[in-house]
1. Please list, ordered by first then second residue, the pairs with beta carbon atoms under 8 Å, 6 or more apart or interchain, first in the range 30-42 and free of Cβ contacts under 8 Å to residues at least 60 places away in the same chain, second open to solvent by less than 60 Å² (accessible area, probe 1.4 Å) and of a type in the set (Phe, Trp, Tyr).
2. Which residue is nearest to Ile82 (Cα to Cα), if the candidates are limited to the range 1-15 and must be open to solvent by 100 Å² or more (accessible area, probe 1.4 Å) and assigned to a loop (DSSP other than H, G, I, E, B)?
3. Condition check: within 10 Å of the chain's Cα centre (by Cα), assigned to a strand (DSSP E or B) and either modelled with pLDDT under 95 or crowded, with 16+ Cβ neighbours inside 10 Å (or both). Does Val40 satisfy that?
4. Determine whether the range 16-31 contains at least one residue that is over 30 Å from Gln96 (Cβ atoms) and not in a loop (DSSP other than H, G, I, E, B).
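The values are calculated or read from the model by the stated rules, or taken from the named source; none is laboratory data. The structure presented is a predicted model; accordingly, all values stated were derived computationally and were not measured. Note that we place each Cβ from the backbone using ideal geometry, even for glycine, and neighbour counts take in every protein chain shown. We work out accessible area using only protein heavy atoms, side chains counted, and drop any ligands, DNA or RNA first. Shrake-Rupley method; radii C 1.70, N 1.55, O 1.52, S 1.80 Å.
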Amino acid sequence: TTPAKPGEIILLYGVGFGAANPPQPASQLVTAAAPLANPVPVTIGGQVADVAFAGLVESGLYQFNVTVPTLPNGDAAVVATIGGVPTQTGVSLAVQQ
């Protein structure tokens, strides 16, 4: 309910981002976060965002620690790209300086 500020680190969660390194068995609990095996770039408002961490944090759940780039106030589209394929459209983040 509070807009993000440019420079702020936010946490994004999602599913279906692929293998972690080291690989994590699908049928077991995740006891420690494991980084993704492949990079997943994230853009916010069309600008590349710094991704400090991208990895598996629970069975099937991925977390991304992302720094909000300098953007004007308003809603900014959030897109992650996996193997050249972007995530769904319609996901946005409210930004206010």
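1. Pairs found: Ala33/Phe53; Pro35/Phe53; Leu36/Phe17; Leu36/Tyr62; Val40/Phe17; Val40/Phe64; Val42/Phe64.
2. It comes out as Val15.
3. no
4. Scanning the range 16-31, I find at least one residue that is over 30 Å from Gln96 (Cβ atoms) and not in a loop (DSSP other than H, G, I, E, B), so the answer is yes.
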